[in-house]
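*Asks:* Got a structure for you, written out below as structure tokens; questions coming shortly.
The values are calculated or read from the model by the stated rules, or taken from the named source; none is laboratory data. Predicted model, so just to flag it, every value in this text is computed and none were measured. When we count neighbours, we look across all protein chains shown, and the Cβ atoms used for this are built from the backbone with ideal geometry, even at glycine.
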């Protein structure tokens, strides 16, 4: 009887291993497709008012072009981007922005989000200048951070060395983090792009650049 149980346990263990191998093989693709579908559904829900308006005024467009509201928003964003390349429109936008940031409660939220978006945008190449590693939150523990700028000498803790401003994002939400001031000699610049560093931070170190694969 015990031998039969042993054989049955080995058989079930083998079946379970095969099942897990198959599960982990399809899981990345399944999660990726799920995230795409979730994002698409959220986008459709957000754009529902546009679809309702078009259905009431131009029903033939709804029938002829599936998800036409997405194409409209894409065209609007593209047009805005094109217009912002002109000096006059850009000046008008900056004037409106300067008025909006004078609103007490609006200013801190808007400026914080604006700077963060600009930091990760393709156009802003210098806000997050380099990916660095520093000892944080205590000696002996290390964190990935982004070197943002050099601290002005007038507000540095002392004048014996240069100090730099470093932003250390949190995991898994990199939009929050810590602003730390670090002396030059305690900063180690690493060979990572901003995208690679963000992937490592968001995943908690699970996702690492393939070019640095560890060979067992």
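*Asks:* Is there a residue in region 194-208 that is surrounded by fewer than 16 Cβ atoms within 10 Å (Cβ to Cβ) and touching a helix residue (DSSP H, G or I) at 6+ places or on another chain (Cβ under 7 Å)?
*Replies:* Yes: region 194-208 contains one or more residues that are surrounded by fewer than 16 Cβ atoms within 10 Å (Cβ to Cβ) and touching a helix residue (DSSP H, G or I) at 6+ places or on another chain (Cβ under 7 Å).
*Asks:* Next up: In region 143-160, is there at least one residue being without any contact (Cβ under 8 Å) to a residue 40 or more places away in the chain, under 30 Å from residue 28 (Cβ atoms) and surrounded by 10 or more Cβ atoms within 10 Å (Cβ to Cβ)? Working first, answer last.
*Replies:* Taking region 143-160 and keeping what is without any contact (Cβ under 8 Å) to a residue 40 or more places away in the chain, we get 143, 145, 148-160.
From what's left, under 30 Å from residue 28 (Cβ atoms): 143, 145.
Next cut, surrounded by 10 or more Cβ atoms within 10 Å (Cβ to Cβ) only: 143, 145.
Looking through region 143-160, at least one residue is without any contact (Cβ under 8 Å) to a residue 40 or more places away in the chain, under 30 Å from residue 28 (Cβ atoms) and surrounded by 10 or more Cβ atoms within 10 Å (Cβ to Cβ).
*Asks:* Restricting to region 44-68, and then to whatever is in contact with a helix residue (DSSP H, G or I) (Cβ under 7 Å, 6 or more places away or on another chain) and part of a helix (DSSP H, G or I), can you tell me which residue is modelled with the lowest pLDDT?
*Replies:* Going through the qualifying residues, I end up with 62.
Listed here are the residues, each with its yes/no results for (1) modelled with pLDDT of 85 or more; (2) over 30 Å from residue 193 (Cβ atoms).
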site	(1), (2)
78	yes, no
83	no, yes
99	no, yes
122	no, no
148	yes, no
174	no, no
178	yes, no
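*Asks:* Of the residues 80, 89, 73, which is part of a helix (DSSP H, G or I), surrounded by 10 or more Cβ atoms within 10 Å (Cβ to Cβ) and touching a residue at least 12 places away in the same chain (Cβ under 8 Å)? Outline the logic, then answer.
*Replies:* Numbers: 80 fails: touching a residue at least 12 places away in the same chain (Cβ under 8 Å); 89 fails: touching a residue at least 12 places away in the same chain (Cβ under 8 Å).
Of the residues listed, the single one that is part of a helix (DSSP H, G or I), surrounded by 10 or more Cβ atoms within 10 Å (Cβ to Cβ) and touching a residue at least 12 places away in the same chain (Cβ under 8 Å) is 73.
*Asks:* Go over the candidates 100, 37, 43 one by one and state the one that is touching a residue at least 24 places away in the same chain (Cβ under 8 Å) and within 29 Å of the chain's Cα centre (by Cα).
*Replies:* Working: 100 fails: touching a residue at least 24 places away in the same chain (Cβ under 8 Å); 37 fails: touching a residue at least 24 places away in the same chain (Cβ under 8 Å).
The conditions single out 43.
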